[in-house]
Amino acid sequence: MIDFSLTDEQKQLQQLARDFARKEIIPVAAEYDQKEELPWPVVEKAFEVGLLNVAIPEHAGGLGLGMVDECLIGEELAYGCMGIYTVLMASELGITPILVGGTEEQQKRFLTPMTEKPSLAAFALSEPNNGSDAAGMHTTAVLDGDEWVINGTKMWISNGGVADLTVVFATTDRQGGHRATVALVVPKDTPGLSYNKIKHKLGQRASLTSELVFENVRVPRANQLGGLGDGFKIAMKTLDKTRIPVAAGSVGIARRALDESVKYAKEREAFGKPIAQFQAIQFKLAQMAMGIETGRLMYLKAAWLVDQNLPHGMESAIAKAYCSDMAFDAANEAIQVHGGYGYVGEYPVEKLLRDVKLNQIYEGTNEIQRVVISRNLLK
Amino acid sequence: MKILTLVRQVPDAEARVKISGGQVDLEGATLVMDGMDEYGVEEALRLREGGAAVEEIVALATGPKRVEDALRTALAMGVDRAIHVETDQALDPIALSRVVAQVAQAEGVSLILVGGQEADWDSQALGAATAERLGWPQLTWTNELALEGDTLTGRHDVDDGNESFRVPLPAVVTTQQGLNEPRYPTLPNIMKAKKKELRKDTLDAYGAAPTVRVVGSDIQTRARLNKMIDGKDPQAAAAELLDLLRNEAKVIA
């Protein structure tokens, strides 16, 4: 009944992603982290080998990969650098509302151009004063003839401002709650759309995070996904899926933390022997391995449910919260294994901790994940 | 013309190899297409992309079921179809050359590309043995190839430098690092490769029983000198390092 084996294609795309992380991401990760710069050359290479925007369906000219496929890729890329993976992951996040709420015509219109050149998408839900309580958004959309006019500010938007298209969620009536929300696709360079880069982030500095400002931004009504009032639902359905790659990326970070720790523990000597021979160190390594194995099972289960078109909200919440908490602990312990050297940039483990902290926050904080889980228990 | 490119599967260069029961234990090791053979696959694709009249590129592998993975990588890189002679017997290069030569004849290929050596069996004999069986010329350790009609030109390494050559096909060519930079099997091509033919064959048809049997294996361990240079005076440290590299390690002139 249960089969843990990957298909031949999955083994190959996993290998491709692993090679890509080793050759294209790891060598430049520290540099882009220091420069706080989005690595366009890496995005271009990812596009060339087909690792960018893999969820675009076949009818729109894409590969139409499933969630298991996407997560296998995500674990490998995040092993190289979570910040760089976030650029790609956030683009899939920007595409997903169009898959969830868009018509086939809209999918072709918006997504086919993205298969033709390296391009990113973005997802704009959070606001300066509004994150977890998404339905209480302040950004407004007002219908003027056949156009929506958008006003407001969105916050913490990955790829914000450089994305070829941004799906923005707005309200048509601030008193209307989630029933008044609408999802709109805004192309890059639409007049009135501007962005400010958010600087000095703790980690994931290779990923661009922006404040997006909408000042009388007009988009045709044909850019509306789903019906009036469907915005919140589309956003939640999107996040139910896209938080699974966050879990997979977290497992990638934890695996990197373990590999670096094993390597260092075998090299570093104390009291006349390698520190790997002390149980205090061995138990840390064992703990990391336990987290990685169980985390991977959970993200694969959640991803499998998505691919089977089965309900997956609770499982994706468990995977996201579990894996990111687990990976945070793994990165933290990796620094401990490295001692003072782990605290400085000479070894990659301090970056793992800085990067993984965000996995506990974005795409729904781990507290919100627990709300989702407990609601499922008590409904 | 058709090109036959041989694909072997070996442990990843970063894999840690274990020995159990006198044999290399591959359990848990990541296995990949041999890098040397990958240059051959890449070169076959480049010859075709460069405008040579290559009607088909066929990849061949022998070995257990898992070797399919390496063949699928070749298919995903762009090879047209693959043949897997499935066997659990380990073939020595002379036995393997019997299979390669017969497949080459049956398929009517006029160019065979094989890695100059194999990461886990360093005999360097396969290309030569195959050429001998077929009575074809062989060009070893190539680092440049071009096809014009039925003539192959290129350069290859010899002991103290390299030579340029010109040879009418058919021929056997061995490949090595420096010949090209192999491409990634891109995701779209991985998906397309699903539909390509991977034909299974059995070893009995080839009369290629190996006569060499591996009875024991050891991992080479190197003692390190762990020589430390005091870096307080950078100029003196650099001078000492140069002296050690020149006179002790003898890696620079």
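The 3J(HN,Hα) values that the Karplus relation (6.51, -1.76, 1.60; θ = phi - 60°) gives for the range A:27-43 are, in residue order, x, 10, 4, 5, 5, 5, 4, 5, 7, 6, 9, 6, x, 4, x, 5, 4 Hz. Gly and Pro appear as x. In chain A, the longest principal axis of the Cα atoms and the axis of helix A:82-101 are about 30 degrees apart.
Across the range B:8-20, coupling constants 3J(HN,Hα) worked out from phi with the 6.51/-1.76/1.60 Karplus curve, θ = phi - 60°, read 10, 10, 9, x, 4, 4, 8, 6, 8, 9, 10, 10, 9 Hz, and Gly and Pro carry x.
For chain A, modelled as a GNM whose springs connect Cα atoms under 10 angstrom apart, the maximal fluctuation among A:GLN277, A:GLN360, A:GLN336 occurs at A:GLN277.
Taking A:ASP240, B:ASP233 and ordering them by how much accessible surface each has at a 1.4 Å probe, largest first, produces B:ASP233, A:ASP240.
Computed with every protein chain present, the accessible area of B:GLU38 is close to 50 Å² [probe 1.4 Å]. Just check the protein assembly as shown against the gyration tensor rule for me: Cα atoms, a ≥ b ≥ c as the square roots of the eigenvalues, rounded for a/c under 1.5, and otherwise prolate or oblate depending on whether a/b exceeds b/c. Prolate, because a/c is 1.5 or more and a/b exceeds b/c. Spacing of the modelled spin labels on A:LYS117 and B:ASP12, each 7 Å from Cα toward Cβ, amounts to 3.5 nm.
Backbone geometry of the range A:107-116 corresponds, through the Karplus equation with coefficients 6.51, -1.76 and 1.60 at θ = phi - 60°, to 3J(HN,Hα) couplings of 4, 5, 4, 8, 9, 4, x, 6, 8, 9 Hz, x marking Gly and Pro. Distance between the 7 Å Cα→Cβ label points at A:ARG375 and B:ASN226: 5.9 nm. Comparing B:THR130, B:THR211, B:THR153 in a Gaussian network model of chain B where C-alpha atoms under 10 Å apart are linked, the largest mean-square fluctuation is found at B:THR211. Centre-to-centre separation between the Cα atoms of the range B:70-102 and those of the range A:302-373: 42 Å.
Ranking of B:LYS250, A:LYS273 by solvent-accessible surface, largest first: B:LYS250, A:LYS273 (1.4 Å probe, protein heavy atoms only, all chains present).
Shown is the FRET efficiency for A:LYS197 and A:VAL344, computed with R0 = 25 Å from the Cβ-Cβ distance and rounded to the nearest 0.05: 0.40. Residue order by solvent-accessible surface for A:LYS320, A:LYS201 is A:LYS201, A:LYS320, largest first, with ligands and nucleic acids left out and a 1.4 Å probe. Taking the charge dipole of chain A about its Cα centre, with +1 at Lys and Arg Cβ atoms and -1 at Asp and Glu Cβ atoms, the residue from A:LEU305, A:TRP148, A:GLY62 reaching farthest to the positive side is A:LEU305.
Counting other Cβ atoms within 10 Å, which trypsin sites (Lys or Arg not before Pro) in the range A:114-183 have at most 12 and lie in a DSSP loop?
A:ARG174
Note on A:MET298: accessible area is roughly 40 Å² with a 1.4 Å probe, heavy atoms of protein only. Is the C-alpha gyration tensor of chain A telling us rounded, prolate or oblate? Criteria: a/c under 1.5 is rounded; beyond that, a/b larger than b/c is prolate, otherwise oblate. Prolate.
Which one of B:PRO168, B:PRO188, B:PRO93 has the biggest mean-square fluctuation once chain B is modelled by GNM with Cα springs under 10 Å? Fluctuation is largest for B:PRO188. Judged by the ratio a/c of the largest to the smallest principal axis of the C-alpha gyration tensor, the range B:2-206 counts as rounded, that ratio being less than 1.5.
Per residue of B:49-62, other chain Cβ atoms within 10 Å of the residue Cβ number 0 on average.
Here the range B:231-253 is scanned for amide nitrogen atoms under 19 Å from the site 7 Å beyond the Cα of B:ASP122 along Cα-to-Cβ, giving B:250-251. Note on A:8-17: average number of Cβ atoms from other chains within 10 Å of each residue's Cβ is 6. Modelled label positions at A:ALA286 and A:HIS59, each set 7 Å beyond Cα in the direction of Cβ, lie 5.3 nm from each other.
Dividing the summed helix terms, -39500 (n - 2.57) for each DSSP H run of n ≥ 4, by the number of residues in chain B produces a 222 nm estimate of -8000 deg cm²/dmol to the nearest 500.
Assuming charge only on the beta carbon of Lys and Arg (+1) and of Asp and Glu (-1), the dipole of chain B about its Cα centre is about 580 debye to the nearest 20. Legend: distances between Cα atoms for A:LYS320/B:LYS194; A:LYS117/A:LYS197; A:LYS199/A:LYS284; A:LYS273/A:LYS320; A:LYS154/A:LYS379; A:LYS241/B:LYS65; pairs beyond 29 Å are A:LYS320/B:LYS194; A:LYS199/A:LYS284; A:LYS273/A:LYS320; A:LYS154/A:LYS379; A:LYS241/B:LYS65. Near the amide H of B:LEU152, within less than 5 Å, lie the amide hydrogens of B:VAL167, B:LEU169, all on another chain or at least 5 residues away, with H placed in the peptide plane. Of all DSSP-defined beta bridges confined to the protein assembly as shown, some 60% are antiparallel rather than parallel.
The values are calculated or read from the model by the stated rules, or taken from the named source; none is laboratory data. Since we're looking at a predicted model, the values are computed, not measured. FYI the Cβ positions are ideal-geometry reconstructions off the backbone, even for glycines, and counts take in every protein chain you see. Surface accessibility is based on the protein's heavy atoms, side chains included, excluding ligands, DNA and RNA. Shrake-Rupley method; radii C 1.70, N 1.55, O 1.52, S 1.80 Å.
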